[in-house]
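Each reported figure results from applying straightforward, stated rules to the coordinates on display, with no laboratory input. Bear in mind the structure is a predicted one, so any value in this text is a computation, not a measurement. Here the Cβ positions follow ideal geometry from the backbone for every residue, glycine too, while neighbour counts run over all protein chains shown.
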Amino acid sequence: MGKPAGVVAALKLVSTRVMLQPRVTDDKQLYASWRIPGSYFNRMLDCGDRYNPSVQIALEYLPREILDEHKDRLAFVGMGQRDGCRLSRALCETREIVVLAERVFPRAGADEGQPEFRYFVYVVLHEVAHAIKRHRSPLYDSLTPQQNADQEAEADDLAFKWFNEHIEALANASLPQLSRQEIEVAKARSRECMEDRYNG
């Protein structure tokens, strides 16, 4: 004998709700090292073995739910260990790609309390914000200066929020919250590095 129509409808509703609920990835899988073949960070990071660890640390500043939601949609390419790089069509069609300049990567031995590492984390978070918000390109989407400024402000706000929420959760007195003044100083230093490289 079949189930009453009302019971069948209720079962279908419950089944649909279960299917619609986002699947939460186990922490051990989500945060597995980039060195483990097939791990999320392994498929996400292409910055070279010197720099992948720093990018993974920066991404761990993201709220867990943000990292989980976008773990298969982001890719990071670093130019610190290569002269050039051609991005494959498959990568471009399936992920938001963040390209990181050589000069922003922390030097060997740098830690999370040092200004250069803190600026690097900020840069990664800022670019992740652009990616997940699907911000448009100033050049290829013909944005007005105001539209571009609005996007930059939104990415900045999210980067500061994520960074400082992570620092607050750590409750480590030696890791102060990130300020906008600190980032302006770091940006000026980065521009100087770029000019020195160009001018020789």
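Listing for the model above:
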| quantity | calculated |
| --- | --- |
| Sequence-distant aspartates and glutamates (8 or more away, or on other chains) whose Cα lies within less than 18 Å of Lys71 | Asp26, Asp27, Asp46, Glu60, Glu93, Glu96, Glu127 |
| Estimated 222 nm signal from helices in the chain, with DSSP H stretches of n ≥ 4 weighted -39500 (n - 2.57), rounded to 500 | -17000 deg cm²/dmol |
| Reduced Cα scattering model of region 106-181, Debye log10 I(q)/I(0), q = 0.23, 0.27 Å⁻¹ | -1.03, -1.23 |
| Neighbour-limited loop hits for trypsin sites (Lys or Arg not before Pro), region 53-121 (at most 13 other Cβ within 10 Å; DSSP other than H, G, I, E, B) | Arg73, Arg82, Arg86, Arg107 |
| Within region 54-83, GluC sites (Glu not before Pro) in DSSP loop having at most 16 other beta-carbon neighbours inside 10 Å | Glu60 |
| Only Lys, Arg (+1) and Asp, Glu (-1) charged, at Cβ; the chain dipole about Cα centre in debye | 900 debye |
| Charge dipole of region 24-199 about the Cα centre (unit charges at C-beta), most positive-ward option of Ile167, Ile66, Met194 | Met194 |
| Helix 145-170 axis, angle to the chain major axis (alpha carbon atoms, nearest 10°) | 80 degrees |
| The chain, relative contact order [Cα under 8 Å, separation at least 6], % | 16 percent |
| Centre separation in Å (Cα based) which lies between region 37-66 and region 92-120 | 11 Å |
| Debye intensity ratio in log₁₀ form over the Cα atoms of region 24-199, taken at each q of 0.13, 0.15, 0.16, 0.18 Å⁻¹ | -0.69, -0.94, -1.08, -1.40 |
| For Ala101, distant residues with modelled amide H under 5 Å away | none |
| Cleavage-rule hits, trypsin sites (Lys or Arg not before Pro), region 25-62, DSSP coil, Cβ neighbours within 10 Å at most 16 | Arg35, Arg50 |
